[in-house]
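Worksheet for the structure shown next.
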């Protein structure tokens, strides 16, 4: 992987080495799924569900986003989603909903970096 | 042996069941070098693929949270189909602690946490796949060896029967018979036992043993001098007394072969050799047994022996026509038989008579 691209991705909180390890050093596969991440609609679903206080839909979207961000080693986003999922499950929906602003900030940071690397 | 092994399908396929494309892509990338890969996007599709692929699968990697049917439901279904003993299931879950207890309880092989770490998941799956392969190949070998043992046992049984037939035929040759007599006694005895009330209560194995034993009914004739055995004229009273001892001599001969005592046919053979000339009214020999004192098998062999002797040419007589044979038996001209046995005998006599007709011989020698 191009050193500049790697550094850019790292600057947005993507642990590229850890992700590459999961993809067994397969750059192309990682890039393919980073593009998938950008195209994935679970973030939008989550925002909408939180607005509408649809906790079931929010849990499902957050759970999926957690899985994707975990696999792609977006460590901060993964932690936020994990906390949110746990809170929904612990029947603390208000605290869970409140995490959406932090998730939005993190998600925005990542997508803008992906765009600058030509992955969107 | 090689052909046997080819019958078993090679289990070389890993089935990945996960609704998330990235998860499937990662696992595919990890296992694709070593295994064939099949994928399913939800539990329902996963279950269908398992049932379709069955023994081709060496492992199932199963997500927990999935649409349509979740991982636990899939495992329960696999359990209902008794597949968990044959195909190891690995649950791959983001919440291993919550899933572990139920997963193991249901019979899952291992629980692996997500996001996966490649070398860990690869190692854990590989070890179990190897274990299952070794176990399966061991089972195949045991099965093959068992089949071989059964085959060998059957060969020994066949050889035993062959030797018994050879011995009996050799004795028969001495008084100018072709060897077909013992074969027919065997067939008649078996047919009456199998197809009439007279064999009631006896298993197929019992009947086979009785039929085998019937072959040896005249082994005692080996002790009778040629001059008496092959005499064409009527025997003098003292000669007849000697002839009659073939029953006692036969039983005594069988007693002296210790290896035979273990054989399921021995007790029958001993009884038949000694008592196949006893008659229902007590006027037979050597012991003058009467009625039910004579065992059913000795009774059947005695009527078979008489029927065959009358139907064929012997050194001392010509063959009688069928009607004459039946009349002689019915009217007790060759000694008195159990009325119930006569009834059974005439029920199947039509079939038995085919043995003596050339065109029907093939049917009987099958």
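Listing for the model above:
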| read-out | value |
| --- | --- |
| When residues of segment B:237-283 are limited to those that are farther than 14 Å from residue B:224 by Cβ and more than 38 Å from the chain's Cα centre (by Cα), the one surrounded by the fewest Cβ atoms within 10 Å (Cβ to Cβ) | B:237 |
| Counted residues, segment B:228-241 - those being assigned to a helix (DSSP H, G or I) and modelled with pLDDT of 90 or more | 6 |
| Exclusive hit being within 15 Å of residue B:24 (Cα to Cα), assigned by TED's automatic domain parsing to the domain that holds residue B:22, touching a strand residue (DSSP E or B) at 6+ places or on another chain (Cβ under 9 Å) and modelled with pLDDT of 90 or more, set B:108, B:116 | B:116 |
| Considering residues of segment B:97-134 that are over 24 Å from residue A:82 (Cα atoms) and not in a helix (DSSP H, G or I) only, the residue nearest to the other protein chains (Cβ to nearest Cβ) | B:108 |
| Residue, surrounded by the most Cβ atoms within 10 Å (Cβ to Cβ), within segment B:5-31, restricted to residues that are out of contact with any strand residue (DSSP E or B) (no Cβ under 9 Å at 6 or more places or on another chain) and within 14 Å of chain A (Cβ to nearest Cβ) | B:26 |
| Which numbered condition residue B:61 misses (of (1) at pLDDT 90 or above; (2) away from chain A (no Cβ under 14 Å); (3) surrounded by fewer than 17 Cβ atoms within 10 Å (Cβ to Cβ)) | (3) |
| Residues of segment B:81-96 satisfying the condition of being outside any helix (DSSP H, G or I) and farther than 22 Å from residue B:133 by Cβ | B:93, B:94, B:95 |
| Residue check, residue B:78 part of a helix (DSSP H, G or I), away from every other protein chain (no Cβ under 14 Å), over 25 Å from residue B:116 (Cα atoms) and touching a strand residue (DSSP E or B) at 6+ places or on another chain (Cβ under 7 Å) | no |
| Unique residue being in contact (Cβ under 8 Å) with a residue 40 or more places away in the chain, within 13 Å of another protein chain (Cβ to nearest Cβ) and under 30 Å from residue A:3 (Cβ atoms) when the list is A:65, A:77 | A:77 |
| Only listed residue being within 11 Å of another protein chain (Cβ to nearest Cβ) and either touching a strand residue (DSSP E or B) at 6+ places or on another chain (Cβ under 6 Å) or over 21 Å from residue A:82 (Cβ atoms) (or both), chosen from A:36, A:32, A:6 | A:32 |
| Condition met for residue B:39 (touching a helix residue (DSSP H, G or I) at 6+ places or on another chain (Cβ under 6 Å) and away from every other protein chain (no Cβ under 11 Å)) | yes |
| Residue within segment A:45-58 that is in contact (Cβ under 8 Å) with a residue 24 or more places away in the chain, facing chain B (nearest Cβ under 10 Å), out of contact with any strand residue (DSSP E or B) (no Cβ under 9 Å at 6 or more places or on another chain) and surrounded by fewer than 22 Cβ atoms within 10 Å (Cβ to Cβ) present | no |
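The values are calculated or read from the model by the stated rules, or taken from the named source; none is laboratory data. Keep in mind that what you see is a predicted model, and the values were worked out from it rather than measured. Heads up, the Cβs are rebuilt from the backbone with ideal geometry, glycines too, and the neighbour counts pull from every protein chain shown.
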